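These notes are about the structure you will find just below.
The values are calculated or read from the model by the stated rules, or taken from the named source; none is laboratory data. All of these numbers come straight from a predicted model, not from anything done at the bench. Cβ: placed from backbone, ideal geometry, glycine included. Neighbour counts: every protein chain shown.
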Amino acid sequence: MGKLYLVPTPIGNLEDMTLRAIKVLKEVDVVLAEDTRTSGKLLKHFEINTPLQSHHMHNEHKQLDGLVQKMKEGSIYALISDAGTPAISDPGFLLTRACVENDIEVECLPGPTAFVPALVNSGLPNDRFVFEGFLPIKKGRQTRLLELAEETRTMVFYESPHKLIKTLTHFAEYFGEDRAISVSRELTKLYEETVRGTLAEVLEHFNKKAPKGEFVIVVGGKKS
C-alpha cells in the first residue's frame, strides 16, 4: 500500500520551508501541485527533481479514482498547494477523504498556514476561534453574515485585494462599526503589514490606501 503526504509550502518567505518537507518531496514518487508552474520554481530552488503532476480544483474529481488505485498499488504521493497547507482553502480535502475511505495512510506535515500568524499577532482572543476562510461571493453570503453577527468567538477570514473593501463594508454593516478587527497582508513577505482598530478605522485606512496582496482578516467576536 502506498501513502499520501500533505506538505505545507511557504506563504511567502522561502526560509519557512522545513527540512522535513524538502526531504519528503525528494523521496516521494510524484508531487501533486495546484499550479505546476508555481511549484516548479519552488522545487527548483530546493533542488527537488521529483516529477510534478497538476492537481487542482478543476480536475481533482476526475483524478481521485486513478490516484487511489496507484496508491493501492504502492505509489507514494505528496500534495502541495501554491502556498500554505493543503486543504486549507485549497485542494486537498477530497483526496484525503478518498485515501481515508480506502485505508490508505495519510500524513500531514506541520508548516506554514497564513491564518495562524495573523490570528496570533492580531491582539484578539485566540484561545477559541472559528476559521471561515472565504465567504460566499453571492448566494448565501447574507445568511452567513447574519449568523456570524452572533458569533462570540474570534473569527478568521481570507480575502483577495479587489474584494477587501466590499467585505469590510459588509462586516461594518452586520457586526457594527465599533467591532475590533485586525487585517494582515503579505505575511512573511517584504511588505508585510497588519492594521488594527475598529471596523470603521480599518475601513477608512484601506479606503485611503488601495489594498494590495493577499489578506487575512481577524474579527473580534460579539461581546456577551
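Return yes when Leu168 is part of a helix (DSSP H, G or I) and under 30 Å from Arg37 (Cα atoms) and no when it is not.
For Leu168, the condition - part of a helix (DSSP H, G or I) and under 30 Å from Arg37 (Cα atoms) - is not met.
Name the residues in region 18-60 that are aliphatic (A, V, I, L, M) and out of contact with any Leu (no Cβ under 8 Å at 6 or more places or on another chain), would you? Walk me through how you get there before you give the answer.
Step one: filter region 18-60 for residues aliphatic (A, V, I, L, M), giving 19, 21-22, 24-25, 28, 30-33, 42-43, 48, 52, 57.
Result: Leu19, Ile22, Val28, Met57.
Is it true that Glu15 is within 14 Å of Pro112 (Cβ to Cβ) and of a type in the set (D, E, K, R)?
Numbers: within 14 Å of Pro112 (Cβ to Cβ): yes; of a type in the set (D, E, K, R): yes.
Spelling it out, Glu15 is indeed within 14 Å of Pro112 (Cβ to Cβ) and of a type in the set (D, E, K, R).
Let me confirm something: among Glu186, Glu204, which residue is more than 17 Å from Lys223 (Cβ to Cβ), among the charged types (D, E, K, R), surrounded by fewer than 20 Cβ atoms within 10 Å (Cβ to Cβ) and free of Cβ contacts under 8 Å to residues at least 12 places away in the same chain?
Values: Glu186 fails: free of Cβ contacts under 8 Å to residues at least 12 places away in the same chain.
Among Glu186, Glu204, only Glu204 is more than 17 Å from Lys223 (Cβ to Cβ), among the charged types (D, E, K, R), surrounded by fewer than 20 Cβ atoms within 10 Å (Cβ to Cβ) and free of Cβ contacts under 8 Å to residues at least 12 places away in the same chain.
Among the residues of region 185-223, which ones are farther than 23 Å from Glu173 by Cβ, among the β-branched types (Val, Ile, Thr) and not in a loop (DSSP other than H, G, I, E, B)?
Of all residues in region 185-223, those farther than 23 Å from Glu173 by Cβ come to 186-194, 212-214.
Next, only the ones that are among the β-branched types (Val, Ile, Thr) stay: 188, 194.
Of everything in region 185-223, just one residue is farther than 23 Å from Glu173 by Cβ, among the β-branched types (Val, Ile, Thr) and not in a loop (DSSP other than H, G, I, E, B), namely Thr194.
Which of (1) in contact with a Lys or Arg (Cβ under 7 Å, 6 or more places away or on another chain); (2) surrounded by fewer than 18 Cβ atoms within 10 Å (Cβ to Cβ); (3) in contact (Cβ under 8 Å) with a residue 12 or more places away in the chain; (4) farther than 13 Å from Tyr5 by Cα does Leu135 not meet, given it meets every other one?
(2)
Suppose we filter Leu124, Leu119, Leu94 for residues that are surrounded by fewer than 17 Cβ atoms within 10 Å (Cβ to Cβ) and not small (Gly, Ala, Ser); which single one remains?
Values: Leu124 fails: surrounded by fewer than 17 Cβ atoms within 10 Å (Cβ to Cβ); Leu119 fails: surrounded by fewer than 17 Cβ atoms within 10 Å (Cβ to Cβ).
The unique qualifying residue is Leu94.
So which of Tyr158, Tyr174 is closer than 16 Å to Glu214 by Cβ and modelled with pLDDT of 95 or more?
On the way: Tyr174 fails: closer than 16 Å to Glu214 by Cβ.
Unique residue meeting the criteria: Tyr158.
Does at least one position in region 165-174 carry a residue that is hydrophobic (A, V, I, L, M, F, W, C) and closer than 28 Å to Leu14 by Cβ?
Checked region 165-174: no residue is hydrophobic (A, V, I, L, M, F, W, C) and closer than 28 Å to Leu14 by Cβ.
Give me the pairs, please: first residue somewhere in region 87-107 and under 20 Å from Met57 (Cβ atoms) and not assigned by TED's automatic domain parsing to the domain that holds Glu159, second residue anywhere and surrounded by fewer than 15 Cβ atoms within 10 Å (Cβ to Cβ) and aliphatic (A, V, I, L, M), beta-carbon distance under 6 Å, and either six or more positions apart or on two chains.
Note: pairs meeting the criteria are Pro91/Met57.
Hey, among Val100, Val130, Val156, which residue is part of a strand (DSSP E or B) and either over 15 Å from Gly84 (Cβ atoms) or of a type in the set (Phe, Trp, Tyr) (or both)? Please lay out each step first, then the result.
Details: Val100 fails: part of a strand (DSSP E or B); Val156 fails: either over 15 Å from Gly84 (Cβ atoms) or of a type in the set (Phe, Trp, Tyr) (or both).
Going through Val100, Val130, Val156 in turn, the sole match is Val130.
Are there any strands (runs of 3 or more DSSP E) wholly within region 1-77 with 2 or more residues that are touching a strand residue (DSSP E or B) at 6+ places or on another chain (Cβ under 6 Å), buried (at least 21 other Cβ atoms within 10 Å of the Cβ) and in contact (Cβ under 8 Å) with a residue 60 or more places away in the chain, and if so which? Don't jump to the end; show me each part of the working.
On the way: elements: 3-6, 30-33, 52-54.
Where strands (runs of 3 or more DSSP E) fall fully within region 1-77 and carry at least 2 residues being touching a strand residue (DSSP E or B) at 6+ places or on another chain (Cβ under 6 Å), buried (at least 21 other Cβ atoms within 10 Å of the Cβ) and in contact (Cβ under 8 Å) with a residue 60 or more places away in the chain, they are 3-6.
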